[in-house]
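One structure is given here, and the rest of the page talks about it.
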Amino acid sequence: MSTSLGLYRPGTSPVHRTPAGVKLAVVVAAGIGSVFVRTPAVAGVLLAVVLVAYTVARTPPGLLWHSVRPLCWVLVPLMVFQVLTAGWARASVIVGVIVTLVLLANLVTLTTRTTELVDVVVRLAAPLRFLGVDPERVGLVLNLGIRGVPLVLELATEVREAQHARGQAASARAFAVPLIVGALRRSDEIGEALAARGFDD
Amino acid sequence: MLIEVDGVSHVYPGGVEPVVRDVVVRLDEHRIGIVGANGSGKSTFARMLNGLVVPSAGTVTVDGLDTRGHGREVRKRVGFCFTNPDTQIVMPTVREDVAFGLRRRGLTKEEVAARVDEALARHGLGGLADHPAHLLSGGQKQLLALASILVTGPELLVMDEPTTLLDLRNTRRVADLVTELPQQVVLVTHDLDLVAGFDRVLVFDRARLVHDGPPDEAVAFYRELMA
Ligand SMILES: Nc1ncnc2c1ncn2[C@@H]1O[C@H](COP(=O)(O)OP(=O)(O)OP(=O)(O)O)[C@@H](O)[C@H]1O
Ligand SMILES: [Mg+2]
């Protein structure tokens with residue numbers, strides 16, 4: 001099963017070894033900075049920098065396409081619209097910046113273990129201790145959430161296949177009910193497994 | 001470890017009939033099997049051994065600890081392996097899942113890493129440490145679930161149909177692993193071959209413990225009962 005979530009690919013490149021906190025900070029800074037990009041030249045340079053980072057991280061080029069492809073549905077109409085209303089320069093700045101940011105975020109998830117990203121969030125959540133929030137629990141919930149995504153996707157596939165096998169036409173209710181019941185049953189089982197493994201504090 | 005089950009009955013909240021009824025048994029054998037029809041109360045009984053289910057009447061004592069009130073201490077000693085490996089794996093990657101059980105044990109990062117690596121190597125998962133756990137095969141997932149339980153060093157391992165979703169080869173692997181474990185094992189199964197070499201086999205029927213003895217005798221009794 002393939003999800004469009006960029007999955008961590010082990011490696012030893014400088015990009016892999018950069019601390020997760022620094023990488024997250026770069027993504028945030030790039031997000032804020034992108035607002036100030038005005039010319040296609042600057043957008044092009046930024047995109048080139050990200051592509052160089054991909055090369056440094058030794059990421060297969062196929063993965064680049066894989067992460068941008070789902071966005072085409074949005075980007076192509078956006079490009080057309082912007083060209084017609086604001087001209088080529090503006091259109092390429094906007095689309096270029098979006099592609100750059102998506103590729104950058106994807107590079108971070110490809111080169112950083114989920115644990116490390118979660119650890120950063122846990123550290124950022126540390127001040128919340130004063131409000132009675134346990135940062136470690138925040139981390140666990142994030143991990144469980146990440147773990148839950150493929151579980152729900154698999155369940156959705158199972159439900160859809162079961163319906164097809166019974167020759168039923170697609171119906172929202174016939175899809176939602178088994179999906180929700182199945183998800184609740186699985187979450188019961190996960191809760192039980194967590195308790196059995198000592199997470200009942 | 002001695003497990004003492006004394007006058008135990010259990011009714012689930014909202015239920016009327018007990019699903020486990022008047023069970024009295026003392027278990028301290030190395031390999032204990034549990035067989036019985038669907039719905040006879042095996043899983044409920046197994047869950048009582050680590051306090052996941054606390055009986056509505058009677059007491060379950062593990063190594064001198066009453067599961068009513070000492071659930072957490074009991075679960076530190078008793079590992080539990082479920083049927084569906086998908087819902088036992090709680091972390092995104094193989095390594096993280098094994099490390100999960102070692103949280104809050106006062107171990108340094110290095111100690112955790114060393115223990116995790118050793119457990120993965122022992123269970124043939126060494127090359128898959130950073131693999132997304134959900135992309136493993138069913139058999140690999142069950143081996144991961146077992147590695148994650150065993151890395152914490154439980155004294156007793158309770159398994160509820162650990163091979164039901166596995167093919168013959170993976171069933172064999174899990175069975176071999178069980179044979180070699182130094183720990184005491186309580187295994188619930190519908191696969192009667194699995195309990196062949198065991199020390200003692202319990203047969204459940206309609207909420208009651210109806211037979212208790214060596215495997216060949218217990219299996220013969222169970223076959224007769226189901227005939
Ligand atoms: N959480 C629950 N709440 C209410 N009733 C339950 C619950 N779990 C099990 N039961 C009921 O208790 C009875 C015994 O179930 P249990 O799962 O212990 O049987 P089992 O011997 O493990 O069966 P199987 O071989 O099918 O796994 C069944 O009638 C079942 O419907
Ligand atoms: Mg059962």
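The values are calculated or read from the model by the stated rules, or taken from the named source; none is laboratory data. Remember, predicted model here, so these are calculated numbers, not experimental data. In this analysis, Cβ positions are derived from the backbone assuming ideal geometry, glycine residues included, and neighbour counts consider all displayed protein chains.
A:R38 - would you say it is outside the structural domain of A:N143 (by TED's automatic domain parsing) and touching a residue at least 12 places away in the same chain (Cβ under 8 Å)? Yes; evaluated as a whole, the condition is true for this residue.
Each row is one residue, and each column tells you yes or no for (1) at pLDDT 80 or above; (2) more than 9 Å from every other protein chain (Cβ to nearest Cβ); (3) closer than 30 Å to A:V22 by Cα.
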{"residue": "A:E116", "(1), (2), (3)": "yes, yes, yes"}
{"residue": "A:V121", "(1), (2), (3)": "yes, yes, yes"}
{"residue": "A:L124", "(1), (2), (3)": "yes, yes, yes"}
{"residue": "A:R137", "(1), (2), (3)": "no, yes, yes"}
{"residue": "A:E154", "(1), (2), (3)": "yes, no, no"}
{"residue": "A:A172", "(1), (2), (3)": "no, yes, no"}
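When B:V174, B:V203 are checked against the criterion of being crowded, with 16+ Cβ neighbours inside 10 Å, more than 16 Å from ligand 1 (Cβ to nearest atom), away from every other protein chain (no Cβ under 14 Å) and not charged (D, E, K, R), B:V174 stands alone in meeting it. Residues of segment B:14-48 that are within 15 Å of B:V185 (Cβ to Cβ) and surrounded by fewer than 21 Cβ atoms within 10 Å (Cβ to Cβ): B:L27, B:D28, B:E29, B:H30, B:R31.
Among all positions in segment B:130-139, there is at least one residue which is touching a strand residue (DSSP E or B) at 6+ places or on another chain (Cβ under 9 Å), of a type in the set (D, E, K, R) and within 12 Å of another protein chain (Cβ to nearest Cβ). The single condition from (1) surrounded by 18 or more Cβ atoms within 10 Å (Cβ to Cβ); (2) farther than 27 Å from A:N143 by Cα; (3) modelled with pLDDT under 90; (4) not β-branched (V, I, T) that A:L46 fails is (3). Of the listed requirements (1) on the phi > 0 side of the Ramachandran plot; (2) without any contact (Cβ under 8 Å) to a residue 40 or more places away in the chain, B:R26 misses just one: (1). Would you say B:R47 is near ligand 1 (Cβ under 10 Å from one of its atoms) and either modelled with pLDDT under 95 or within 10 Å of another protein chain (Cβ to nearest Cβ) (or both)? So B:R47 fits the description; yes. Given the conditions (1) at the interface with another protein chain (Cβ under 9 Å from one of its Cβ atoms); (2) out of contact with any Phe, Trp or Tyr (no Cβ under 6 Å at 6 or more places or on another chain); (3) free of Cβ contacts under 8 Å to residues at least 40 places away in the same chain, which single one is not true for A:A196? So A:A196 meets the others, but not (2). When A:V141, A:V159, A:V122 are screened for being part of a helix (DSSP H, G or I), closer than 27 Å to B:V98 by Cα and in the same structural domain as A:I190 (by TED's automatic domain parsing), only A:V141 passes.
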